[in-house]
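Below is one structure; the comments refer to it alone.
The values are calculated or read from the model by the stated rules, or taken from the named source; none is laboratory data. These figures come from a predicted structure and were not determined experimentally. No Cβ is skipped: glycine too gets one built from the backbone with ideal geometry, and neighbour counts run over all protein chains shown.
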Amino acid sequence: MTAHHDLVDTLIHRHSTPPTCLTGPAPDDDTLLRILQAAESAPDHGGLHPWRFLVIDGPALDRLGETFVEAMRQKDPDAKEETLDRERVRAQRAPMIIAAIAREEPGHAKIPEIEQLLSAGIATHQVLLAAQALGFGAVWLTGLRVYDENVMRALGLAKNERLIGLINIGQIKEGAPTRGKRRRKAVIERWDG
Ligand SMILES: Cc1cc2nc3c(=O)[nH]c(=O)nc-3n(C[C@H](O)[C@H](O)[C@H](O)COP(=O)(O)O)c2cc1C
């Protein structure tokens, strides 16, 4: 089998690992750099590089959890303690979260914003895929908190940036699902003029 066949096989069998099935240790810096390097080959019209990644691990995960809690409190001052706890725990399931950030250059003469956003999404998927190909469990999560102004501010996002995902990464716990959800069978839909 050639290397390319291996790649397609990896693509076909790619699947996420639920955050509750992730555990430490997180990727070390050499591995992390390799994972992030994968993002750099995302197709990028005009070379705008409309993305960046923020690595959150160690004690920063606790602070991220508190940020989620604070955002929830702002939204719902009457939020129950168990609701707040659920927010806190969201930042504490995986040993590392990579925040994927799309940066848009509005009104660019040649590259529409949708293309910039697509590039950022692809770069994020490259990170997810690289992590999974290296044997880590990973999952792309959002939820309402990524659209929360307070969360974005806490993470230091600029006005032209948006949080597009929280990639949870870690070792795969025993008993975690070894395959993804049932896939649809691919079909060929051909336009014949
Ligand atoms: C932009 C984006 C946001 C997502 N947000 C969530 C989320 O907040 N919660 C969730 O359970 N799945 C979310 N998903 C889906 C999971 O990442 C995952 O793809 C899904 O659980 C199916 O698993 P699979 O990747 O093994 O097919 C999101 C996917 C994308 C592309």
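Could you tell me how many of the residues in region 1-44 are in a helix (DSSP H, G or I) and either at pLDDT 95 or above or aliphatic (A, V, I, L, M) (or both)?
Of the residues in that region, 19 qualify.
Please determine whether any residue of region 36-49 is within 26 Å of Arg182 (Cα to Cα), within 16 Å of the ligand (Cβ to nearest atom) and not β-branched (Val, Ile, Thr).
Checked region 36-49: no residue is within 26 Å of Arg182 (Cα to Cα), within 16 Å of the ligand (Cβ to nearest atom) and not β-branched (Val, Ile, Thr).
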